[in-house]
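Here is the structure we will look at, set down as structure tokens.
The values are calculated or read from the model by the stated rules, or taken from the named source; none is laboratory data. Small disclaimer: the values here were computed from a predicted structure and weren't measured. Glycine gets a Cβ as well: all are built from the backbone with ideal geometry, and neighbour counts include every protein chain shown. Ligands, DNA and RNA are stripped out before the accessible areas are found, and what is left, the full protein with its side chains, is counted by its heavy atoms. Shrake-Rupley method; radii C 1.70, N 1.55, O 1.52, S 1.80 Å.
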Amino acid sequence: MPTHISPCSRRAVVIGGSVAGLFIGNFLQRSGWEVGIYERSRESLATRGLGIASHGELEELLIAAGARVPSPLGIEVTGRCAVDRHGEIIARYDYPQQLASWTSVFRSLSAAFAHEKYRNGWELAGIDLGEERSTAHFTNGEAIEADLIVGADGFRSSVRAVLAPHIQPRYGGYVAWRAAIKESDLSNDFRAETASQFCFCFPKASEFIGYPVPGDDGSAELGRRRYNCLWYYPVAPGAELTDLLTDAEGVVHQYSIPPHLVRPEHIERLQADARAKLPKKFLEPFFAAGRYLVQPIYDVESERIGFGNVALIGDAGFVARPHVGVGVLKAGQDAFALAQCLEREASVAEALACYDTERLAEGRASVAAGRRLGAFIERGLDGPWADPELGLRVEDIIRVSGRPVIRSDAIVGAPMNRSG
Ligand SMILES: Cc1cc2nc3c(=O)[nH]c(=O)nc-3n(C[C@H](O)[C@H](O)[C@H](O)COP(=O)(O)OP(=O)(O)OC[C@H]3O[C@@H](n4cnc5c(N)ncnc54)[C@H](O)[C@@H]3O)c2cc1C
């Protein structure tokens, strides 16, 4: 018999206190659930993120979650452009968009959630699955029984490891080198030229993107903002990736390596490659950064995201490669759909079945779109145009990157060689 959701027995445990965890925490809190968020990290996550492409839908979700939308949410750009090796514009696409900071979104969600119900330093160790209620066990020895457990614990989810251990992150064959530079450290000429554009270029078998994002303090004022550089850069799986993730002491960091531990020879090679391959104008921010974050690109594709009284949301369920730029939005949409299903259905089990049906297709579509947009890097092709079968013209890439995947759009499945 499914557990009926009665207003007095609605206790939820959320594992992971990043954007997905805070979205669902806020939605459930607003609809009367007793909800606690348990985050492994001992420190606040607030300063962790860099720039994200934002969408109108994200603003609506923040409002629905009871969060105050940061004003401004981000920096307004008028469109996208692609440049060649010499910095000449080869394609343009007018698309007004806000480029926000992950930190602003995190902070606004965090401020809306009951402070005392958010616990840092709590790491999930395992789950006892029960038909009526399940119990979350933590490494500190505590155990909490709940009507609903939500795995919002990211791409290496411990919750997913209990429910679907065969679903593992799949490495895409390239990494993202990322850096954010204070605009005050950049020349006036560079600022004036790049202030309102999302810029792309395609050095051999790679993709470089640059765009302005709010400053550390959320400021969108010219001169107080930051410039975000992201270089998708091929690193073969196996020995080459392991070498990149190995620090000077010989310690191999399995999925990512803290910036200060990246060995100097890797930075030297990256910078030499930048000099050889990037348009001159991007050398300024790239070298001003000095320090780079390296993130191997993975995707995750779940077969199920609702399991009786345990659900997966955000990156725990699906990770689309960041070309799509919807990780934060998808986290909010998953959380919203889950909360709506819980409101609508008579039992947690029915609600999770409904959530699973509603969100699986979208998750799969995002993963497929991300794989397709990154296929030329994964395959080491000269550029997206090298294989016409991919249907990836530069015009199409700049049109569809960093936007929600609309399933009816040409991006999923069929080649995109129609004009947009
Ligand atoms: C290079 C790059 C660029 C990106 N650009 C964009 C972009 O432009 N736009 C966008 O929307 N998204 C972007 N993303 C994706 C975005 O950052 C993620 O999709 C988003 O942060 C996912 O949120 P989440 O809450 O699901 O997972 P996460 O942010 O990964 O959070 C999971 C949390 O769970 C905690 N946790 C893990 N295990 C446990 C445990 N056992 N117990 C307790 N807690 C645990 C972790 O400490 C972590 O805080 C990008 C990602 C990358 C790599």
Seminar exercise, completed: Taking every alpha carbon pair in the range 254-398 and sorting the distances into 10 angstrom bins from 0 up to the bin holding the longest one, the percent per bin comes out as 10, 27, 29, 20, 11, 3, 0
For this session: Find the relative contact order for the range 208-298 and round it to a whole percent, using C-alpha pairs within less than 8 Å whose residues are 6+ positions apart.
Result: 21
For this session: Measure off 7 Å from each Cα along the Cα-to-Cβ vector at residue 188 and residue 137, then give the distance between these two points in nanometres to one decimal.
Result: 6.5
Problem set entry | By average C-beta atoms within 10 angstrom, highest first, the peptides 346-353, 233-240 | 346-353, 233-240
Problem set entry | Net charge, residue 51 excluded, C-beta distance under 14 Å - Lys, Arg +1, Asp, Glu -1 | +2
Exercise. In terms of solvent-accessible area of protein heavy atoms at a 1.4 angstrom probe, what is the ranking of 129, 293, highest value first?
Worked result: 129, 293
Exercise. What residue among 317, 17, 79 shows peak mean-square fluctuation when the chain is described by a Gaussian network model with Cα springs under 10 Å?
Worked result: 79
Exercise. Which value, in Å² rounded to 10, gives the accessible area of residue 182 with a 1.4 Å probe and all protein chains present?
Worked result: 110
Exercise. Quick one, what does Rg over Rh come out to for the chain if you take C-alpha atoms and the Kirkwood Rh?
Worked result: 0.97
Problem set entry | Ratio Rg/Rh [Cα only; Rh per Kirkwood] for the range 249-331 | 1.11
Exercise. Using the per-residue mean of other Cβ atoms lying within 10 Å as a proxy for protection, in what order, highest first, do the peptides 296-308, 131-143 fall?
Worked result: 296-308, 131-143
For this session: For the range 1-158, take the alpha-carbon Rg, divide it by the Kirkwood Rh, and send me Rg/Rh.
Result: 1.10
For this session: For residue 248 and residue 260, calculate 0.36 nm times their separation in residues minus their Cα-Cα distance, and state this gained length in nm to one decimal.
Result: 3.3 nm
Seminar exercise, completed: Cross-link reach from residue 204 to lysines, straight Cα distance under 20 Å and at least 8 residues apart if same chain, gives 277, 280, 281
Problem set entry | Share antiparallel - DSSP beta bridges, the chain, percent rounded to 5 | 70
Problem set entry | Positive-pole candidate from 91, 65, 17, dipole of the range 1-119, charges at beta carbon | 17
For this session: List the relative contact order of the chain as a percent without decimals, with contacts defined as Cα pairs under 8 Å and 6+ residues apart.
Result: 19
For this session: With a 1.4 Å probe and every protein chain left in place, tell me how much accessible area residue 387 has, in Å² to the nearest 10.
Result: 30
Problem set entry | Point-charge dipole on Cβ atoms (K/R +1, D/E -1) for the chain, about Cα centre, debye to 20 | 680
Seminar exercise, completed: Rounded to the nearest 500, the 222 nm mean residue ellipticity computed for the chain from DSSP H runs (n ≥ 4, each -39500 (n - 2.57)) alone is -9500 deg cm²/dmol
Exercise. What number, in nm² with one decimal, is the all-direction average of the projected area of the convex hull of the alpha-carbon atoms of the range 67-176?
Worked result: 11.7
